[in-house]
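What follows is a short report on a single structure.
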Amino acid sequence: MPLSIFYFLAVAGINILMSWSLYLPYRVQQLHFMTVANMTISGYIGAYAALNWGWPFAAVLLLGVLLGALVGFVTSFAIGDAPAFAVVIVGFTFIYITKTIVENMDAFGGTMGLFGIPKIAATPGGHRWIMFAVIYASVIVVGALIHRFDTSRLGRATSAIFVDKNLAATFGVDVKKMGMGLQTAASAIGGLCGVLYAFTMRSLFPEFFTFHYIGIAMTMLFIGGYTTQWGVLLSVPILWGLPFLLPESVQSWRIVIYGVLLVVILLIKPEGIVTRPLIRRVGTLLGARKRAS
Amino acid sequence: MGASNTAPDRPILAVDGLSVSYGHVQALRNASITIGSGEIVVLLGANGAGKTTLMESILGIHTPHSGSISFDGTDITRVPADRNVRSGISLVPEGRGIFSSMTVLDNLLLGAHHNLQESPARLDRVFHWFPVLRERQQQMAGTLSGGERRMLAIGRALMSRPRLILIDEPSIGLAPKIVNDIFAIIADLNAEGYAILLSEQNAYKALKTSNRGYVLETGRVVLEGASAELLDDPGIKAAYVGA
Amino acid sequence: MEVFIAQFMNGLSLGSIYVLLVTGFNLLLLVAMIIHFSYPQVVVFSMYISWVALRFTNNSIVVGVVAGIVSAIALNVVLAPLFQQVMRKRGHVDINATMVISLAIGMIITDILSHEFNSGFPIAFPENVRGDEELFGFGLIHISRGQVLSLLVGVVVVSAFFWLLYRTKYGRAFRAIAEDPDNARLVGIPIFQTGLLSYALTGLLGGLTAVLLSVLLGSASPGLGEAVAHKVLAVSIIAGLGNLVGGLVIGLALGILEAMVQGFITGTWSNAIAFVVLLVVILARPRGVFGMKL
């Protein structure tokens with residue numbers, strides 16, 4: 001697999017996962033940007049474990065996920081049912097603090113970045129194929145888990161919370177527990193992405209894990225549509241892929257383009273491109289064709 | 001009490017064939033009412049009959065999908081609330097209607113948002129009607145009793161130099177003694193020349209005070225007439241007065 | 001002790017900037033009913049406009065100040081219909097949607113600044129604007145022109161704002177809408193015009209803040225707005241969203257805290273300490289110390 005195609009596909013997969021990590025807590029109206037901080041924490045500590053302690057990739061991956069879940073779980077005690085803006089600012093502060101810590105620790109390479117994260121196969125080509133397989137296996141597994149959740153009784157309860165927290169509480173939905181569960185899951189996905197990203201790039205820079213990246217993941221979620229998990233599968237390839245076809249001078253304006261698209265979609269179609277009625281229509285269409293054939 | 005038993009020749013307010021919906025729910029269907037200058041008119045009807053919607057539509061809160069409203073000969077069908085207040089309609093909303101974290105004086109001055117320069121004179125008038133508000137003017141409105149709040153809401157409506165006052169459920173939740181006071185004040189205001197549209201669920205007192213009345217059911221005007229006649233109507237007696 | 005006094009003075013002038021920003025943020029929250037997270041980014045954008053104006057007019061301070069203030073007002077008023085449209089689209093007022101729109105606006109502003117102005121490098125304001133000239137000194141205590149100016153303007157502007165809020169009919173209308181927008185409409189308050197006025201007024205506050213920041217810092221960078229935006233949102237959450245007096249107290253406290261940390265702890269860690277304190281307080285009290293007024 002050529003390097004450029006590998007980077008494109010690998011980062012697209014990670015973007016899908018990260019958009020899902022924002023999708024889950026947004027089911028209860030929370031913008032849990034902390035997942036980007038989870039990416040930093042798990043990515044750096046995972047890379048450190050691989051570099052200095054010689055941990056194998058599988059162990060690092062598990063460490064990253066568990067670390068993400070742990071951090072998410074602990075903070076969710078405080079912000080599991082907090083108002084959306086409080087969750088936002090906790091995420092931002094976390095990102096800022098982890099970035100400062102990384103920049104000031106020589107063990108993590110400081111502002112220069114962390115290099116030389118080991119290959120997980122003997123050849124560079126093998127490394128790429130395995131990483132590609134692991135990333136898309138993760139997309140399938142996480143996607144399937146989210147689908148199971150969305151179609152469960154709990155998933156329907158989150159829709160009630162999205163519309164009206166207090167009303168949902170009167171139906172006997174535990175708003176705080178739900179928020180805690182979703183934040184923990186989202187942070188675990190963030191941790192997973194951190195390790196995947198570290199081993200894809202085989203180097204880490206503190207500059208990557210900032211508000212820039214939040215903007216990218218958030219744009220993908222809202223343009224794809226935040227009411228179903230399927231929207232990001234459409235928006236990530238388009239938003240992440242199309243700029244590569246544009247001239248270099250336009251590409252550098254990627255963030256401005258994302259920002260404008262985000263404003264436009266909120267103005268004309270606030271639920272995003274892929275909505276629940278659309279999914280239902282596609283479902284019946286596919287069903288009809290199956291019966292016809 | 002005025003003597004007019006039929007619809008006035010030159011109404012200060014004329015609502016003609018008004019229909020208003022919230023989404024799919026139709027709150028008013030082809031409703032028509034008129035109010036003559038110097039009249040007290042009462043709207044009767046159960047909860048959800050459309051009384052509040054009619055009043056809010058007259059003020060310019062809801063956009064009707066058909067029908068027209070004219071005030072003093074001018075069409076105001078799609079004129080927003082703040083302009084209608086400026087030209088002489090004011091509303092005393094049901095229940096709330098006051099800002100409890102602001103002082104009594106601030107609440108009154110809010111009513112005079114459009115004509116602040118004449119507020120000292122108008123304040124004097126309001127304090128003349130409601131002496132208790134003068135004593136409490138620096139107090140937070142949230143500390144007032146239920147009757148005082150209703151007086152404050154009426155006082156605030158008077159601040160904007162209205163010619164027509166819409167009063168939504170003036171007696172709701174008040175003790176009988178205070179209800180009597182409020183209705184006495186409404187009659188006095190009318191005697192000073194203010195045209196008044198009242199809405200009431202419990203109709204006896206309202207019909208006694210008013211010239212004419214309309215009965216609303218599920219958004220339609222089902223009956224209208226002089227208040228004295230309505231008081232004698234057996235259906236009205238059973239539905240709204242008796243009990 | 002001298003370090004303490006010196007840093008206390010620094011903290012007061014920095015804090016007065018936070019207070020101005022938090023006050024503008026809260027005004028929009030209460031009257032226009034939006035979370036304008038990127039408001040500080042709009043302010044930094046105005047600093048850049050003012051910098052450009054200074055360059056084209058051979059450092060005319062009057063033009064620089066006017067450009068900063070006018071651009072902040074214009075930008076805020078131009079953004080108003082975007083926010084209003086998003087709120088109307090979702091039927092009822094959806095304050096989260098306004099926050100996402102604001103984040104998107106912030107992304108755009110920051111990226112434009114890092115492309116178009118000075119090739120993305122930090123800009124430096126000319127000598128005659130910078131306020132680092134010392135007015136008087138005593139031992140380690142140096143009081144600069146910028147510090148005195150920002151503290152003075154901060155006090156005057158915040159007092160003027162509270163006067164407007166509690167002594168004028170516009171302030172009365174602001175407070176009425178903040179307490180109960182539906183009822184304010186029934187009373188005859190022009191909701192749209194009053195809302196627009198709050199955008200313009202926050203623009204004015206923002207423009208003044210942009211001028212003060214230029215004088216106090218003497219420079220600006222594309223990322224400045226983001227960093228300040230996070231602190232302003234954190235301050236207003238800790239104070240209790242929409243709580244104007246709370247914002248005053250917490251804004252000053254943050255300024256003093258940051259200055260103290262810088263005075264007594266050296267190194268790149270000092271900036272993170274303020275964030276750690278903010279984080280701890282928010283985690284402990286996600287609904288604010290003084291209570292939300294929303």
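Every listed requirement among (1) part of a helix (DSSP H, G or I); (2) open to solvent by 10 Å² or more (accessible area, probe 1.4 Å) is met by C:T266 save one, (1).
When we screen B:L18, B:L43 for residues that are under 30 Å from B:L133 (Cβ atoms) and away from chain C (no Cβ under 14 Å), the only hit is B:L43.
With respect to A:S152, is the statement that it is surrounded by 13 or more Cβ atoms within 10 Å (Cβ to Cβ) and of a type in the set (S, T, N, Q) true? Answer is no for this residue. Identify the residue in segment C:197-218 that is modelled with pLDDT under 90 and surrounded by fewer than 22 Cβ atoms within 10 Å (Cβ to Cβ) and, among all such residues, is farthest from the chain's Cα centre (by Cα). Top of the filtered list is C:G218. When the residues of segment B:130-147 are narrowed to those that are closer than 19 Å to B:S90 by Cβ and in a helix (DSSP H, G or I), which ends up farthest from the other protein chains (Cβ to nearest Cβ)? Ranking the qualifying residues of segment B:130-147, first place goes to B:L133. Taking (1) within 14 Å of chain A (Cβ to nearest Cβ); (2) in contact (Cβ under 8 Å) with a residue 40 or more places away in the chain in turn, C:A284 satisfies each apart from (2). Considering only segment C:246-275, how many residues are at pLDDT below 90 and over 19 Å from C:L140 (Cα atoms)? Number of matching residues: 9.
When the residues of segment A:209-236 are filtered to those that are part of a helix (DSSP H, G or I) and open to solvent by 60 Å² or more (accessible area, probe 1.4 Å), which remaining residue is nearest to the other protein chains (Cβ to nearest Cβ)? Filtering segment A:209-236 for residues that are part of a helix (DSSP H, G or I) and open to solvent by 60 Å² or more (accessible area, probe 1.4 Å), the one nearest to the other protein chains (Cβ to nearest Cβ) comes out as A:H212.
For C:S144, which of the numbered conditions (1) in contact with an Asp or Glu (Cβ under 8 Å, 6 or more places away or on another chain); (2) exposed (fewer than 15 other Cβ atoms within 10 Å of the Cβ); (3) polar (S, T, N, Q) fails to hold? Going through (1) in contact with an Asp or Glu (Cβ under 8 Å, 6 or more places away or on another chain); (2) exposed (fewer than 15 other Cβ atoms within 10 Å of the Cβ); (3) polar (S, T, N, Q) one by one, C:S144 breaks only (2). Residues of segment A:237-259 that are surrounded by 15 or more Cβ atoms within 10 Å (Cβ to Cβ) and either of a type in the set (V, I, T) or in a helix (DSSP H, G or I) (or both): A:P237, A:L239, A:W240, A:P243, A:R254, A:I255, A:V256, A:I257, A:Y258, A:G259. Residues that are without any contact (Cβ under 8 Å) to a residue 40 or more places away in the chain and under 19 Å from C:G11 (Cβ atoms) within segment C:123-137 comprise C:E134, C:L135, C:F136, C:G137, listed in sequence order.
Here C:I177 does not fit the description of being in a loop (DSSP other than H, G, I, E, B) and β-branched (V, I, T).
Looking at (1) open to solvent by 10 Å² or more (accessible area, probe 1.4 Å); (2) at pLDDT below 90; (3) among the β-branched types (V, I, T), which one does C:I282 not meet, given that it meets all the others? All conditions pass for C:I282, except number (1).
Taking the conditions exactly as written (open to solvent by 30 Å² or more (accessible area, probe 1.4 Å), in contact (Cβ under 8 Å) with a residue 60 or more places away in the chain, outside any loop (DSSP other than H, G, I, E, B) and farther than 16 Å from A:Q183 by Cα), does A:Y96 satisfy them or not?
Working: open to solvent by 30 Å² or more (accessible area, probe 1.4 Å): yes; in contact (Cβ under 8 Å) with a residue 60 or more places away in the chain: no; outside any loop (DSSP other than H, G, I, E, B): yes; farther than 16 Å from A:Q183 by Cα: yes.
So A:Y96 fails the test.
Does A:A168 satisfy the condition of being open to solvent by less than 30 Å² (accessible area, probe 1.4 Å), in the same structural domain as A:G194 (by TED's automatic domain parsing), free of Cβ contacts under 8 Å to residues at least 40 places away in the same chain and among the small types (G, A, S)? Here the answer is yes, as A:A168 does meet what is asked.
So which residues in segment A:1-11 are in contact (Cβ under 8 Å) with a residue 12 or more places away in the chain, open to solvent by 10 Å² or more (accessible area, probe 1.4 Å) and not hydroxyl-bearing (S, T, Y)?
Passing the criteria: A:M1, A:L3, A:F8, A:L9, A:V11.
Within segment A:82-92, one or more residues are in a loop (DSSP other than H, G, I, E, B) and either out of contact with any strand residue (DSSP E or B) (no Cβ under 8 Å at 6 or more places or on another chain) or within 11 Å of another protein chain (Cβ to nearest Cβ) (or both).
For (1) over 19 Å from the mean Cα position of the chain (by Cα); (2) of a type in the set (D, E); (3) at the interface with chain C (Cβ under 8 Å from one of its Cβ atoms), each residue gets a yes or a no:
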| site | (1), (2), (3) |
| --- | --- |
| B:I69 | no, no, no |
| B:D72 | no, yes, no |
| B:I76 | no, no, no |
| B:D82 | no, yes, yes |
| B:R86 | no, no, yes |
| B:E118 | yes, yes, no |
| B:D124 | yes, yes, no |
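Of the residues making up segment A:7-18, one or more are closer than 18 Å to C:V100 by Cα and assigned to a helix (DSSP H, G or I).
Out of the residues in segment C:108-123 that are of a type in the set (A, V, I, L, M, F, W, C) and within 9 Å of chain A (Cβ to nearest Cβ), which is most open to solvent (accessible area, probe 1.4 Å)?
Of segment C:108-123, the ones of a type in the set (A, V, I, L, M, F, W, C) are C:108-109, C:112-113, C:117, C:121, C:123.
Those left that are additionally within 9 Å of chain A (Cβ to nearest Cβ): C:108-109, C:112.
Details: C:I108: 31, C:I109: 15, C:I112: 50 Å².
Residue satisfying both the conditions and the ranking: C:I112.
Considering every residue within segment C:135-145, establish whether at least one is in a loop (DSSP other than H, G, I, E, B), in contact with a helix residue (DSSP H, G or I) (Cβ under 9 Å, 6 or more places away or on another chain) and either within 14 Å of chain B (Cβ to nearest Cβ) or of a type outside the set (S, T, Y) (or both). Yes, segment C:135-145 has at least one match. A:I101: within 14 Å of another protein chain (Cβ to nearest Cβ) and either under 18 Å from the mean Cα position of the chain (by Cα) or not hydroxyl-bearing (S, T, Y) (or both), yes or no? Judged against the criteria, A:I101 is a match.
When segment A:115-132 is examined, which residues are found to be open to solvent by less than 60 Å² (accessible area, probe 1.4 Å), over 12 Å from A:F57 (Cβ atoms) and either free of Cβ contacts under 8 Å to residues at least 24 places away in the same chain or of a type outside the set (G, A, S) (or both)? A:G126, A:R128, A:F132 - these are the residues of segment A:115-132 that are open to solvent by less than 60 Å² (accessible area, probe 1.4 Å), over 12 Å from A:F57 (Cβ atoms) and either free of Cβ contacts under 8 Å to residues at least 24 places away in the same chain or of a type outside the set (G, A, S) (or both).
For segment B:173-213, a residue qualifies if it is among the acidic types (D, E) and in a helix (DSSP H, G or I), and the qualifying residues are B:D181, B:D188.
Quick one: which residue in B:E224, B:E217, B:E229 is open to solvent by 60 Å² or more (accessible area, probe 1.4 Å) and either in contact with a Pro (Cβ under 6 Å, 6 or more places away or on another chain) or within 19 Å of B:P11 (Cβ to Cβ) (or both)? Unique residue meeting the criteria: B:E224. Considering A:L67, A:L51, A:L62, the condition of being out of contact with any Gly (no Cβ under 6 Å at 6 or more places or on another chain), open to solvent by 10 Å² or more (accessible area, probe 1.4 Å) and touching a residue at least 60 places away in the same chain (Cβ under 8 Å) is satisfied by A:L51 alone. Considering the conditions (1) closer than 26 Å to C:F37 by Cα; (2) away from chain C (no Cβ under 14 Å), A:L246 is excluded by exactly one of them, (1). If we scan segment B:171-178, do we find a residue that is of a type outside the set (A, V, I, L, M), within 21 Å of B:E94 (Cα to Cα) and buried (at least 19 other Cβ atoms within 10 Å of the Cβ)? Yes, that holds for at least one residue.
The values are calculated or read from the model by the stated rules, or taken from the named source; none is laboratory data. Since the structure is predicted, the reported quantities are computational estimates derived from the model, not experimental observations. When we count neighbours, we look across all protein chains shown, and the Cβ atoms used for this are built from the backbone with ideal geometry, even at glycine. Heads up: the accessible areas ignore ligands, DNA and RNA and are worked out on the full protein's heavy atoms, side chains in. Shrake-Rupley method; radii C 1.70, N 1.55, O 1.52, S 1.80 Å.
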